[in-house]
Amino acid sequence: MFERIKAILIKEFKQVLRDPRMKTVIIISPIIQIIIFGYAANKDIDFIPTAIYDQDNTKESRLLLDSFTYSKYFVPKYYIHSEAEEDRMLDKGLVSAVLRIDRGFGRNIKAGKDANVQLALDGSDSNTAMIIAGYANTIINTYQYNLLKSDADTMGVQFSAPSVDLRDRAWFNENLISRNYYLPGVIASIVTIMSLLLTSMAIVREKEIGTMEQLIVSPLRPLELIFGKLLPFGVIALFQCALITTLGVLWFHIPFRGSLVLLVLATCVYLFTALGIGLFISTIASTQQEAMMSVFLFYMPTFLLSGFAYPIANMPEVIQYFTLINPMRYYLIIIRGIFLKGVGIDILWTNFLVLLLFGIFVITMSTLRFQKKIA
Amino acid sequence: MNLKRILAVSSKEFIQIRRDPRSLALAIFIPVLLLLIFGYGLSLDIDRVATVVWNQDASSKLTRDFLLNFKNSKYFKIVKYTDNYRDIQHMIDNGQVMMAMVIPKDFSHFIESGKTSTLQLLVDGSDSNTATIAMGYVRSVVAKYNLNLLVKSLSSLGVSPARSVDMRSRIWFNMGLNSRWFIVPGVIAMIIMVIAALLTSICVAREWERGTMEQLISTPVKAPELIIGKFIPYFVIGFVDLFVAVVMARFLFGVPFKGSYLLLVFLSALFLTGALSQGILISTVARTQLLASQLAMLTTFIPTMLLSGFIYPIFNMPQIVQGITYLIPARYYIIILRGLFLKGNGIDEMWDDALFLLLFAFSMFGLAIIKFRKKVF
């Protein structure tokens, strides 16, 4: 039996790695993903490109503008002088915000009257616009606070104003670096897509070119065949997991606070589900194109509704319940727990348990179906 | 170029697609599913931040009033009141809450006697983006509270502060700040890119793998004819996808369409041509379907999702990455789609983006033909 398994393992490894370009893809695709996520995936809104339209141009208006531009958030990109320019800036998307001060601002402030500023935001990116409006509000509040305080001072009123001093501290990711959140998740994304694609397409390929018949008439038992088919892809997935972890920690300085053994264990448990679904798809699809589309059909919702990029807490309640049957969700919680929080099995055991149950269920179902198909 | 031969190839391709009805069904169903997930399932808006509060000064009315600012805001959801750090630690560790607010026991004493009191905020920073936004919410509540305190203490001294600076925000293009309006046009670009490249990436490699390419080569059909012929059925599928997506965007998600449909069709055709050619190029280079599908995923899905401005604003990326985004065709198409849907832009605002799409379409198409010729002849 071991001889037969050994034989099919050698055949499978050869087949996957025969094409040198395939080897390259196996190594390159995690690297590209990790680089893109490491550098590009950043939803923090700093350095907002801003156009400034100061019609007033007095000391007071410049003071207000300074309090915007001294904050790291607003970067003055253009100084404009007409409404037509304002239109053009926003239409073409050259800036995300236009800060406009009408004539009379300084005069009103000096005379002790109300004054106003206008902020025009490109709402087509609603999320960004909302955040920018929030920043601007805080700046205006602070400006007004200082204005009132200086009023009181010049009037010679002696008083001490009470205030609340906010001391905020972020745990697990002290400097609030996006990539610390995303990069560990790339493991889950790569392991999922690779196991699904490689497994399902490799098996369907044998069906397509007719070599599956040969395997079936060989003395291989179905279980040995499945084992031999799945193990190489499991090894590849583990290799990619190691690659991402190494790169993430050494190159991007992602904290790794938990146990490496636990990470490997979690990946192995998760692989049962991922490879099992790949196997399942291979029993449904009759062409590689169909297999690929089915993988994509399965992968997209899994990926999007896993909490990888979009926090589950923000989803509608119905969808939140739906994510409970998403195995990637649990795998991600474990990965992030190990990397960022350094928590151990005492906190993560429920997630492990769920993954294990998923794995057993999926692999059993697909094995049964696969056996029936080839018998 | 011979129209008859082109049509012969494409009718062969049509038959092949018809024989695999499940792939065809998936090519229509996947876009619908993607739109549904993005439209209904994912929200970029961060509200109801789960918060645990430890009010050490719970006996005072002042702190309870202070907390009302959070209770009455849709941005926070106080899930629990506690009286120890262990609870806080535990709830943050297992992700039950995003943040914890600790009000020190002399809070009201300090405030009432005109001094400064601290307020402690502990945030789970692992999701840095959500954490930053949540902290921003707290900051603006505190800033407003401080301003009120100042106004109150001034007026108690008989000084009534007359002037105030008032900010009027005007939101253009998307008054209600509906994040669906932002996402859906981006999803359309992603769908077209991914479906087009996925479908075609396999269609040449398949012929190599099954050995039918030899047969095609021995026929009088020429390289450009073969490629255009293979192209046509997928072009049709791409347009069906676009049509379904636009109808869903307009009528299911209520996204306005302020531009010209003619422009939409024309520019989409350019983008689709580029995407399909890219798929054929991949397929020609890869020769096996497995490798082709991997390459297609890698060169279309990931960049379109991350480097196009679809979700992550480009102006936040490092300079080098911003440079790279100019090479991502979806970047231009997304600008165009948002311009057409939300801004009502015409060709005079978008001609440069359209030019890039034209360049993309032609260069990909050209490359595909050149590469294919080299492989075959």
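Of these, A:Arg257, A:Arg336, A:Arg329, which one is among the charged types (D, E, K, R), more than 8 Å from every other protein chain (Cβ to nearest Cβ) and part of a helix (DSSP H, G or I)?
Answer to the check: A:Arg329.
Read through the list (1) surrounded by fewer than 24 Cβ atoms within 10 Å (Cβ to Cβ); (2) under 28 Å from B:Phe29 (Cβ atoms); (3) basic (Lys, Arg), then give the number of the only condition that B:Lys230 fails.
B:Lys230 satisfies all of (1) surrounded by fewer than 24 Cβ atoms within 10 Å (Cβ to Cβ); (2) under 28 Å from B:Phe29 (Cβ atoms); (3) basic (Lys, Arg) except (1).
Just the residues that are closer than 30 Å to B:Leu252 by Cα, of a type in the set (S, T, N, Q) and touching a Pro at 6+ places or on another chain (Cβ under 8 Å), please, taken from region B:37-93.
Across region B:37-93, the qualifying residue is only B:Ser43.
Find the residue count for region B:92-120, including only residues that are of a type in the set (A, V, I, L, M), more than 7 Å from chain A (Cβ to nearest Cβ) and surrounded by 21 or more Cβ atoms within 10 Å (Cβ to Cβ).
Residues that pass the stated criteria total 6.
May I ask you to verify whether B:Ser260 is at pLDDT 85 or above, more than 30 Å from B:Ile202 (Cα to Cα) and in the same structural domain as B:Ile191 (by TED's automatic domain parsing)?
Answer is yes for this residue.
Check whether at least one residue in region A:255-273 is crowded, with 21+ Cβ neighbours inside 10 Å, among the small types (Gly, Ala, Ser) and farther than 30 Å from A:Phe2 by Cα, and report yes or no.
Scanning region A:255-273 turns up at least one residue that is crowded, with 21+ Cβ neighbours inside 10 Å, among the small types (Gly, Ala, Ser) and farther than 30 Å from A:Phe2 by Cα.
If a residue has to be more than 8 Å from chain A (Cβ to nearest Cβ), over 30 Å from B:Asp45 (Cα atoms) and in contact (Cβ under 8 Å) with a residue 60 or more places away in the chain to count, how many in region B:163-215 make the cut?
The qualifying residues number 8.
Which one is farthest from the other protein chains (Cβ to nearest Cβ), of the residues in region B:22-54 that are within 21 Å of B:Ala143 (Cβ to Cβ) and in contact with a Phe, Trp or Tyr (Cβ under 7 Å, 6 or more places away or on another chain)?
Looking at the filtered set, the residue picked out is B:Val53.
Hand me the list of helices (runs of 4 or more DSSP H) wholly inside region B:264-351 holding 3 or more residues that are under 26 Å from B:Val204 (Cβ atoms) and either touching a Ser or Thr at 6+ places or on another chain (Cβ under 6 Å) or assigned by TED's automatic domain parsing to the domain that holds B:Val194 (or both).
The qualifying helices (runs of 4 or more DSSP H) are B:289-296, B:302-306, B:329-338.
Please go through region B:332-349 and give me each residue that is without any contact (Cβ under 8 Å) to a residue 40 or more places away in the chain and surrounded by fewer than 23 Cβ atoms within 10 Å (Cβ to Cβ), ordered by number.
Within region B:332-349, B:Asp348, B:Glu349 qualify.
Select from region A:111-143 the residues that are touching a Leu at 6+ places or on another chain (Cβ under 7 Å) and β-branched (Val, Ile, Thr) and write down the one among them that is nearest to the other protein chains (Cβ to nearest Cβ).
Among residues in region A:111-143 that are touching a Leu at 6+ places or on another chain (Cβ under 7 Å) and β-branched (Val, Ile, Thr), the one nearest to the other protein chains (Cβ to nearest Cβ) is A:Val117.
Each row is one residue, and each column tells you yes or no for (1) in a helix (DSSP H, G or I); (2) among the aliphatic types (A, V, I, L, M).
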site	(1), (2)
B:Ile46	no, yes
B:Ser59	no, no
B:Ala100	no, yes
B:Lys105	no, no
B:Phe110	yes, no
B:Leu122	no, yes
B:Thr132	yes, no
B:Asn146	yes, no
B:Leu149	yes, yes
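The values are calculated or read from the model by the stated rules, or taken from the named source; none is laboratory data. Predicted model only: the values in this text are computed from it and were never measured. Don't worry about glycine lacking a Cβ; one is built from the backbone with ideal geometry, like all the others, and counts go over all protein chains shown.
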